[in-house]
Amino acid sequence: MEMDQGIPDSLLDVLCGYASNLHTKFLSFPTDLSLDRVQVFLVDKILLNRHFSSYPASAQYNKLFWKHDGHYFTTLAYTELIRKDVELDSRIYEHYVSFVSTASSSEGFGAKPPSPSYITYFWLNGSQYEHSTLMESRKLIEEGTTGFTTWPASMVLADYLTSHSDLVSGKSVLELGSGIGLLGIVVATLQVRSQLSSRLCLTDVRPDVLDRCQNNLTLPCNISSSHPALSCLLLDWTDAFDKLTNQGTSDIMSGLDHDLIIGADIVFDPVIIPALVATLSLALQNKENTSALLALTVRNAATIAEFLSTARKGFIVEEIERDNQRIGRMYMHALQDTAFVSLTSVHLGHSHRLGEYNAVVA
Ligand SMILES: C[S@@+](CC[C@H](N)C(=O)[O-])C[C@H]1O[C@@H](n2cnc3c(N)ncnc32)[C@H](O)[C@@H]1O
């Protein structure tokens, strides 16, 4: 999907919001543009957009979006439309009617959890927009795991890496707890674009989450699908405790010979802290120039504090400063969903500072 450079920011926000299934309460339709201009945009860039035909949002989201749009045209602007003699584009009207007639009222947004659907995130790579599409759950927990949805911490870390692409380009990168792969797709895109020989290994404890991750990485619309050295492997942090099973973990790590470890939102429960720190120790041991860069959502400050104090026993922990100017459009979710506002990045490394928490092996 090509991003039209001339598109006004207010319409770009609507496009990116629609693509990422942002709730319409966070979307504002531009009042500074003519109704004709807005209608042409809705039809050309959303309704007839081939990307959204191939990778559609859920029926529930479409109903919500077009209903909101219908609301805009039928109420807010109604008098304007009459006064200025502007007609509602019949394609928008027919589209809305088709959703109303096919989706029952019980499937309305918020009535029951929406089904998994494609979500497309836009993000800035230099001055160019990239987009990454994932099939993801619209529930926070599905099948007993948080791994089927994308968490804001991965957007924060992805955003950081887009402005520090030298950390991943031409490098071997290992991700822990990758979930369905947004961060991995962004890293893979940066690596492919750099044209440097790079490797990337995404890991998770759940085979079903990894399958979804692999499918997302190889969607033809994602640049990651052309990455020549990408793998998705099972890796359970609790294996790091066991001499028998930690051999598998060590084999993955020595096979990859990683330069950087990344992880987003992987400290969510105090119970997993010892296993995660043991895994990080295996990954960082005997590695002079390897570091781990972690973005952690702070749901419970005590859990993050416990992780940091455990990590400090084996690593030097330093804060990484984020460059907030670089926030890309996919970050709209993280900015606007107050449930995810507290974010902390952790970097465990050896010799170079990266910036919010920066930890170096002691
Ligand atoms: C909150 S989700 C974060 C997913 C992804 N990093 C993101 O930010 O969107 C936590 C992830 O950690 C994985 N995980 C949980 N326990 C694990 C373990 N013992 N070993 C490896 N991964 C684990 C889960 O399967 C899930 O994908």
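The values are calculated or read from the model by the stated rules, or taken from the named source; none is laboratory data. Keep in mind that what you see is a predicted model, and the values were worked out from it rather than measured. With ideal geometry, Cβ positions are generated from the backbone for all residues, glycine too; neighbour counts draw on all protein chains shown.
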* Condition test on Ser165, is it away from the ligand (no atom under 12 Å from the Cβ) and either of a type in the set (S, T, N, Q) or surrounded by fewer than 16 Cβ atoms within 10 Å (Cβ to Cβ) (or both)? -> yes
* Tally the residues that are within 10 Å of the ligand (Cβ to nearest atom) and assigned to a loop (DSSP other than H, G, I, E, B), restricting the search to the range 117-140. => 1
* **Subset of the range 249-286 (residues that are within 15 Å of the ligand (Cβ to nearest atom) and at positive phi)** => Asp265
* Asked: Going through the range 1-44 one residue at a time, which ones are among the aromatic types (Phe, Trp, Tyr) and touching a Leu at 6+ places or on another chain (Cβ under 6 Å)?
  -> Phe41
* Structure fact -> Picked from the range 12-44 (must be closer than 20 Å to Tyr118 by Cα and aromatic (Phe, Trp, Tyr)), the residue surrounded by the most Cβ atoms within 10 Å (Cβ to Cβ) is Tyr18
* Could you say whether any residue in the range 120-130 is buried (at least 24 other Cβ atoms within 10 Å of the Cβ), of a type in the set (Gly, Ala, Ser) and outside the structural domain of Tyr18 (by TED's automatic domain parsing)? -> no
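Which residues, counting only those in the range 188-200, are touching a residue at least 12 places away in the same chain (Cβ under 8 Å) and either touching an Asp or Glu at 6+ places or on another chain (Cβ under 7 Å) or surrounded by fewer than 20 Cβ atoms within 10 Å (Cβ to Cβ) (or both)?
Answer for the range 188-200, where residues must be touching a residue at least 12 places away in the same chain (Cβ under 8 Å) and either touching an Asp or Glu at 6+ places or on another chain (Cβ under 7 Å) or surrounded by fewer than 20 Cβ atoms within 10 Å (Cβ to Cβ) (or both): Thr189, Arg193, Ser194, Leu196, Ser197.
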* To do: Mind counting the residues in the range 230-247 that are over 21 Å from the mean Cα position of the chain (by Cα) and more than 12 Å from the ligand (Cβ to nearest atom)?
  => 5
* Structure fact -> Out of (1) under 26 Å from Tyr61 (Cβ atoms); (2) within 12 Å of the ligand (Cβ to nearest atom); (3) crowded, with 20+ Cβ neighbours inside 10 Å, the one Gly144 does not meet is (3)
* Asked: Can you name the residue in the range 147-162 that is of a type in the set (Ser, Thr, Tyr) and within 12 Å of the chain's Cα centre (by Cα) and, of all such residues, is farthest from the ligand (Cβ to nearest atom)?
  -> Thr149
* Structure fact -> Filtering the range 181-208 for residues that are under 21 Å from Asp239 (Cα atoms) and either within 11 Å of the ligand (Cβ to nearest atom) or among the charged types (D, E, K, R) (or both) leaves a count of 7
